[in-house]
Amino acid sequence: MGDHPMGATQYLAFLRAVNVGGRIVKMTELKRIFEAAGLDEVSTFIASGNVIFRSARSAEKLAPHIEGALQKGLGYTVATIVRTAGEVAAIAEYEAYPPAFASGASIYVGLMQTRPPAAAVKKAMALQTEIDQLRIDGREVYWLARKNFAEATITGAAVEKALQTAVTFRNVNTMRRLAAKYGS
């Protein structure tokens, strides 16, 4: 397949809105689409749109390439956020909230397609409440949720709209598991 040998980098693709809202995609189908797109050593991690692969292409070129392959293979648009294995390791290690502060809460990592402009960051930060708090670090937004998603005071869609870029959320534990398995 693709161009693996020497210069291939390990990447993780995070697909937005896969296996939610009635759009069910089998991981075997995702793997097939990625392989048909010329990507190497493709595997998936839990059924929420996390795809691991190798490519010699740059991350900037991969996201639109994968989005085109998914559009063709699935018949609809799937926003795709790509990070290197090293970036995923850094995300997993980043302590957005001190453990004592986050006790009893859930932390979600929102992976953004692009770094948001300052005005968009300000708009997103204005969404915070005592229940839901946000921290933005580069192309990631960390969401501390003191209640479950059903009781949240903000939504992923509202955060995405404020930030003016595609965002897909994963539980921080999923990011840590991905980093442990692929982050080196």
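Determine whether Ala13 is at pLDDT 90 or above, small (Gly, Ala, Ser), not in a helix (DSSP H, G or I) and not assigned by TED's automatic domain parsing to the domain that holds Arg139. So Ala13 fits the description; yes. For the criterion of being part of a helix (DSSP H, G or I), under 14 Å from the mean Cα position of the chain (by Cα) and either farther than 20 Å from Val18 by Cβ or modelled with pLDDT of 95 or more (or both), Val88 passes. Of all residues in the range 72-101, those satisfying the criterion of being among the hydroxyl-bearing types (Ser, Thr, Tyr) and either over 19 Å from Ile136 (Cβ atoms) or touching a Gly at 6+ places or on another chain (Cβ under 7 Å) (or both) are Tyr76, Thr77, Thr80, Thr84.
Among the conditions (1) in a helix (DSSP H, G or I); (2) surrounded by fewer than 13 Cβ atoms within 10 Å (Cβ to Cβ); (3) not β-branched (Val, Ile, Thr), Glu67 misses just one, which is (2). Per the conditions (1) in contact with a strand residue (DSSP E or B) (Cβ under 9 Å, 6 or more places away or on another chain); (2) of a type outside the set (Ser, Thr, Tyr); (3) crowded, with 17+ Cβ neighbours inside 10 Å, the sole criterion not satisfied by Ala89 is (1). Glu60 - would you say it is over 20 Å from Trp143 (Cα atoms), surrounded by 15 or more Cβ atoms within 10 Å (Cβ to Cβ), of a type in the set (Asp, Glu) and not assigned by TED's automatic domain parsing to the domain that holds Thr168? No; evaluated as a whole, the condition is false for this residue.
Within the range 92-112, if we keep just the residues that are in contact with a helix residue (DSSP H, G or I) (Cβ under 7 Å, 6 or more places away or on another chain) and of a type outside the set (Val, Ile, Thr), the residue that is surrounded by the fewest Cβ atoms within 10 Å (Cβ to Cβ) turns out to be Ala92. Do we have any residue at all in the range 134-141 that's under 30 Å from Val42 (Cα atoms), acidic (Asp, Glu) and surrounded by fewer than 18 Cβ atoms within 10 Å (Cβ to Cβ)? Yes: one or more hits. When Phe149 is tested against (1) over 22 Å from Thr80 (Cα atoms); (2) touching a residue at least 24 places away in the same chain (Cβ under 8 Å), just one condition goes unmet, and that condition is (2).
The values are calculated or read from the model by the stated rules, or taken from the named source; none is laboratory data. Bear in mind that the values here come from a model prediction, so they are computed numbers and not experimental data. Glycine also receives a Cβ, built like all others from the backbone with ideal geometry; neighbour counts cover every protein chain displayed.
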